[in-house]
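The block underneath contains the structure these notes are about, expressed in structure tokens.
Any read-out appearing in this document is the output of simple, stated calculations on the displayed coordinates, not a laboratory observation. Since this is a predicted model, take the numbers as computed values, not measurements. FYI the Cβ positions are ideal-geometry reconstructions off the backbone, even for glycines, and counts take in every protein chain you see.
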Amino acid sequence: MAPLLSMHGIDKRFAGIPALRSAELVVEKGEVHALIGQNGAGKSTMIKILTGYYRKGAGEVLFDDRPVAFSSPQEAQRAGISTIYQEINLVPYRSVTENICLGREKRRFGLLDWSAMHTEARALLARFNIDIDVRRPLMVYPTAIQQMVAIARAIGFEAKLVIMDEPTSSLDEREVEVLFEVIRQLKASGVSVIFVSHKLDELYAVCDRVTIMRDGRTVQVAPMADLSRLDLVTSMLGRELSQVLHEGHDTGEDDTREPVLQVRNLAMGRKVRDVSFEVRPGEIVGLAGLLGAGRTESVRAVFGADRPDSGTIAFDGRENAISAPSDAIRAGMGFCSEDRKLEGIIPDMSVRENLTLALMPQLARRGIVNEARSREIVDSFIKRLGIRCSGPEQRIRELSGGNQQKVLLARWLCMNPKLLILDEPTRGIDVGAKAEILGLIRELAGQGLGVLMISSELEEVVEAASRIFVLRDGRTAAELEGDAVNEQSVMTAMAHGHDGARETADV
């Protein structure tokens, strides 16, 4: 029997940079198929090519025994492909019924048949054990209900293939189990499901086979039952266990120093459940974990960008004193966010303006900026960090990614911080710039700065950090230091949690 979906030799480039390279995805009829990979692996691009959001550069797509090249998601939907995105893309001020039936409204004598549509909406939601007033606006219901409505809408199209992109991100454990039961019902009725998730437990609970992507390529396809959790992690990260043994770190640091940052039992929403870690002065601490483990959410709470539900955050000896980023900055904390372009640089402003942004309150008196002092600081940091630019007034968007990142580092260093949080500090920059950035981070730590670093590149975080806290499903799964700071221990903790990490560390 021919598969429901076959994607072969798929290529896609953006501005000349390859996002997909001869990628493959084959989904059988009535199969729940996992599609996994780290951020930037190509999963979303594959889905968007399938559903007509992007045009492929090369390759072949066969759906339901015929070649297809959908020109829009609506065309893909009419052909039998429904997609449920992680971000809820419904109309909040319209009713639940209107959202579920949007685009396929029932009519009678030329008029909308509200009675029939209400009945259908209730029936679809009943599959999730949800009994609500479907005539009320969607916005009055919590996020979990809205997510279930999005899933009910997708199922209502009587699709042959349902794509679920992180569908459990807004659901609690009971709701996840209900969703899994619906997925099993879909499978039993012959509907195929592509299931995208970074939660390993979910993959093993509902998926039959898995396609693993890395760097735009399909690197492995296998039945879930044939792969251990450690196999999944190593394949996603592209590291063989025989290649990842590390001699460990002998930092010579004084472990009796008081931590500059202590986080205990942090919980926030559904993504951070019980996270604990600490950073000492002059120490580089790595925060490791698969995408979705809660790393970024945890450091945003530390910086005051998001408010935690429970737990304690002590910075420089003061407990729970930071409730906003402005508090964190005044206390001596800097934060280079993961998305440099969206949350870091201001592209149309100059290198000088971007570099002195956080320092501006100190440079201004009665609304007048001390231009001489500003130029002095900017010139010194351009020289100190080796920022390659034509001058301080050059627009930052014209700089390479590595030099943009150096400007962001300088933005915080000119504040003389006690702690610097770096979320994916080398993402999107070339190898040479990566080495420069990592060398600079080590130099800063050597001068007494505490550094908390998140990186999806395992080799990078192991090489830079003297201590690593591994997060798994929103919890601290392991603390690794000394000889245990190696890629094998980190991957084992990602896959199995505390026990696996301890076993590896004891080897």
**Prompt:** Between rounded, prolate and oblate, where does region 243-506 land on the alpha carbon gyration tensor, with a ≥ b ≥ c its root eigenvalues, rounded for a/c under 1.5, else prolate if a/b exceeds b/c?
**Reply:** prolate
**Request:** Among Met148, Ser228, Thr119, flag the residue with its Cα farthest along the positive direction of the charge dipole of the chain, charges on Cβ as +1 for Lys/Arg and -1 for Asp/Glu.
**Result:** Thr119
**Prompt:** How big is region 1-54 by the Kirkwood estimate over distinct Cα pairs, in Å?
**Reply:** 12.0 Å
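Using a Förster radius of 25 Å, what is the FRET efficiency between Lys29 and Glu105 based on their Cβ-Cβ separation? Nearest 0.05, please.
Values: r = 29 Å, r/R0 = 1.17.
That gives a FRET efficiency of 0.30.
Placing +1 at every Lys and Arg Cβ and -1 at every Asp and Glu Cβ, with all other atoms neutral, what dipole size does the chain have around its Cα centre, in debye to the nearest 20?
Working: 63 positive and 72 negative charges, 438 e Å.
My answer is approximately 2100 debye.
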**Request:** With no solvent and one equal point scatterer per Cα, compute the Debye intensity ratio I(q)/I(0) for the chain at 0.05, 0.08, 0.09 Å⁻¹ and report its log10, rounded to two decimals.
**Result:** -0.23, -0.58, -0.73
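Tell me the Kirkwood hydrodynamic radius of region 1-97 in angstroms, computed as one over the mean inverse distance between distinct C-alpha pairs. Could the numbers behind the result be given before it?
Values: mean 1/r = 0.0684 Å⁻¹.
After inverting the pairwise mean of 1/r, the radius is 14.6 Å.
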**Prompt:** How large is ³J(HN,Hα) for each residue in region 11-16, as worked out from phi by the Karplus curve 6.51 cos²θ - 1.76 cosθ + 1.60 (θ = phi - 60°), to whole Hz, x for Gly and Pro?
**Reply:** 10, 7, 10, 10, 6, x
**Message:** Of all beta bridges DSSP finds with both residues in region 243-506, what is the antiparallel percent, to the nearest 5?
**Reply:** 55 percent
**Message:** I'd like to know which of Met333, Asn403, Ala372 lies farthest towards the positive end of the charge dipole of region 243-506, counting +1 on Cβ of Lys and Arg and -1 on Cβ of Asp and Glu.
**Reply:** Ala372
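Which value, in debye to the nearest 20, gives the size of the charge dipole of region 243-506 about its Cα centre, when Lys and Arg are +1 and Asp and Glu are -1 at the Cβ? Before the final figure, lay out the partial values.
Values: 33 positive and 42 negative charges, 283 e Å.
Result for region 243-506 is approximately 1360 debye, rounded to the nearest 20.
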**Message:** Need one number: % antiparallel among DSSP beta bridges in the chain, to the nearest 5.
**Reply:** 55 percent
**Message:** Suppose R0 equals 35 Å. What FRET efficiency, 1/(1 + (r/R0)^6) with r the Cβ-Cβ distance, do Asp483 and Asn265 give to the nearest 0.05?
**Reply:** 0.80
**Prompt:** Over the chain, what is the mean sequence separation of C-alpha contacts under 8 Å (at least six apart), divided by residue count, expressed as relative contact order in percent?
**Reply:** 15 percent
**Asked** For region 5-240, what mean projected area does the convex hull of the alpha carbons give, in nm²?
**Response** 13.7 nm²
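Looking at region 5-240, what % of its DSSP beta bridges pair antiparallel, to the nearest 5? Walk me through the numbers before you get to the answer.
Values: 23 of 39 bridges.
So the antiparallel bridges amount to about 60 percent of the total.
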**Fill in**
For the chain, the helices passing both cut-offs (Cα extent along own axis of 20 Å or more, Kyte-Doolittle mean at least 0.5, full DSSP H runs) are 431-446
**Item:** Cα principal axis extents for region 123-230, largest first, Å
**Value:** 47, 26, 25
**Message:** Around Phe70, under 11 Å between beta carbons, what's the net of Lys plus Arg minus Asp minus Glu among the other residues?
**Reply:** +3
**Request:** Compare the Cα positions of Ser95, Pro167, Gly391 along the charge dipole of the chain (+1 at Cβ of Lys, Arg; -1 at Cβ of Asp, Glu; about the Cα centre) and return the one farthest towards the positive end.
**Result:** Ser95
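Would you order Trp114, Trp412 from fewest to most other beta-carbon atoms within 10 Å of each residue's own beta-carbon? Mind dumping the intermediate values first?
Details: Trp114 16, Trp412 22.
Lowest count first: Trp114, Trp412.
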